[in-house]
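Structure record follows, encoded as structure tokens.
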Amino acid sequence: MTEGDGLPGLLDRAAALLREADAPPATQQGLAELHQRLGAGRLRLAVLGQFKRGKSTLVNALLGEPLLPSSVLPLTAVPTFITGAPACGLRVTFIDGRPPVLLEGQAVTTEAIARFVAEEANPENRLGVAAVEISHPAPLLRGMVFLDTPGIGSTLRHNTRAALEALPRCDAALFVLSVDPPPTEAELAFLAEVRRWAPRVFFVLNKTDQASAADLDRLLAFAQETLRRQGGDVAVEIYPLSARDALAARQAGDAPRLAASGLPALEARLRTFLDGEAVAVLRAGIARKALVILDAEQARLALRLAALRRPLAELEAQLATFDHAIGDLDTQRRTAEDLLAGDLRRARALLEDQAATLRQRAGAILGEALDRALSDGATEQAAAEAVAAAEAVAAATRDLFEAQLSATVAAFDEALAGMMRPQQARLDALLAAVRQAAAASFAIPDQPGRNTAPAFEVVREPYWVTRIEPGSMQEVAAGGLEALLPGAWRQARLRRRLAASVEALVVRNVENLRWATLQNIETSFRRFGHDLQARLAEATGLTRAAVLEGLAFRATREAGIASEVGRLEGVSQALRHVRDRLYQDVTHDRCH
């Protein structure tokens, strides 16, 4: 192979070697897709970040219209590709091979897109959507593809998984932070994984309209230093902006407001990036992804060769050694499960403490709302007073508990992150131990694995009771003796009865929030426990499968072992050479 082969030639050679090695179809398809993307020459810019940082609003601002759905609740459920085209279009493909949904022109609406990408309309991707592709005439899309992803962190865990699974499909990243809260540990852990796949990462500090100028300066300095340290002193580009203001300004044609939003500076940087760096970044990203594929195939070949080279008795002994090592790890697995159960008990206790605090706080807030309604809107009619009070309490209830839902999710995201970090470290250590046991048992190189990112999962949304029971008002407003009472006495009786109703309202709503959060906690822990067992079984199974594949060959073609070993050794050596060339190109960030 000559220097003139470049990245396309390396990928061609790698594809031929994968075929020669009888690599799994999925492995060969993955490399073929990389080759196709390189040929297309369109860089994929993934818009990434934590739940509710304003990713979809930012994409809408870049497009110039509110096309992607946005909401106060976790929304994006399926990664969405947005490509350049003369007119709008929508193409939705499905996992089971059903005919795609195709829409054009004015039929491509926010509501139409939301049917497939929004969590509420397509929970846990129950529609089986494989991909959502939107075409749009935005100028920036002439040289790149936007990839809008589900948020991580305080969101549904399957959305976190979808965001992680989208990373191998991106070449560069637009990582969205916001002024409230500052970068969290969950975001930084996710960012470390993003940097593995994306050679270039730009940062946006969104929602600047919610911070004063002084606070914004401090937040920018904090974010800059935090990201610099997390990235090992790599260059950090942060663009402060308000995506909401930018979108509104674009729709209104308000040039001064658009300039003040900060979006033009980001757009200018993306244009210079497209003109000067995008091709090199695309090639570097493709090379990184190809490296991951080749490393996995090298590990599989090493196990197959070990199964073919060694005497059968030795190989069986090594397999027994591996199985014994895995058996020893079972004690550690049970310990991890016991510790997980203890953390679940602590999470439940924390929830009970928070519920008690919320009952007191909500009682005080809604009581004040009731007092204001009765003092500000007092009339001579008990029924009118009751209705006015009920409306005031209903509004306060909605505001209080909707805000409390976000606060509770955020609090448990942080609390469970603290509990889950040691659990995640144990799982990663167990997975590393499986790989090391395979390396030691069969005398093959150890292959590093990828860590995962657990998250608190919102699987149940509480519902709010906002109205004081009608019976209470009717009782108060009834005629008879109470209507004849003096105004002060009547209002005192009204206040007592409505206060009792408010107390019942608080108890019921806090219990709704407590119960829904408890289900979310238990679901998060249960799925983490399932992941612990499933990933250990997968890691063990892949190792044994590669060895058993070699044993099966020996059982049917003993006479051809020497020839097969020579063939696979040649493939392995050639793959290593391609891999070294790719690694050199990635290291120097140059793929010609």
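What follows is calculated from the coordinates using simple rules that are stated; it is not laboratory data. The structure presented is a predicted model; accordingly, all values stated were derived computationally and were not measured. In this analysis, Cβ positions are derived from the backbone assuming ideal geometry, glycine residues included, and neighbour counts consider all displayed protein chains.
In table form, for the structure just shown:
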{"item": "Net charge contributed by nearby residues that have their C-beta within less than 11 Å of Leu177 (K/R +1, D/E -1)", "result": "+1"}
{"item": "Extension gain from Ala235 to Glu277, taking 0.36 nm per residue of separation minus the Cα-Cα distance", "result": "13.6 nm"}
{"item": "For Ala32, net neighbour charge (Lys/Arg +1, Asp/Glu -1) across residues whose Cβ lies under 13 Å away", "result": "+1"}
{"item": "Relative contact order (%) - segment 43-276, alpha-carbon pairs under 8 angstrom, separation at least six", "result": "25 percent"}
{"item": "FRET efficiency, Trp515 to Ser563 (Cβ-Cβ, R0 56 Å, nearest 0.05)", "result": "0.30"}
{"item": "For segment 237-282 versus segment 94-142, the gap between their alpha-carbon centres in whole angstrom", "result": "25 Å"}
{"item": "By average C-beta atoms within 10 angstrom, highest first, the peptides 42-55, 128-141, 313-326", "result": "42-55, 128-141, 313-326"}
{"item": "Separation in nanometres of the label points that stand 7 Å from Cα toward Cβ, at Asp209 and Ala429", "result": "4.8 nm"}
{"item": "Residues in segment 15-46 reached by a label modelled at Glu133 [backbone nitrogen below 16 Å; 7 Å Cα→Cβ]", "result": "33-45"}
{"item": "Computed FRET value (nearest 0.05) for Ala248 with Arg269, which takes r as the C-beta separation and R₀ as 25 Å", "result": "0.70"}
{"item": "Note, ³J(HN,Hα) from phi for segment 498-512, Karplus 6.51, -1.76, 1.60, rounded to Hz, x at Gly and Pro", "result": "5, 4, 5, 5, 4, 4, 5, 4, 4, 4, 5, 6, 4, 5, 4"}
{"item": "Amide proton proximity set for Arg42, modelled H, under 5 Å, gap of 5+", "result": "none"}
{"item": "Packing-based ranking, highest mean first, of 100-107, 22-29 given that Cβ atoms within 10 Å are counted", "result": "22-29, 100-107"}
{"item": "Ascending count of other beta-carbon atoms within 10 Å, so fewest first, for Trp515, Trp197", "result": "Trp515, Trp197"}
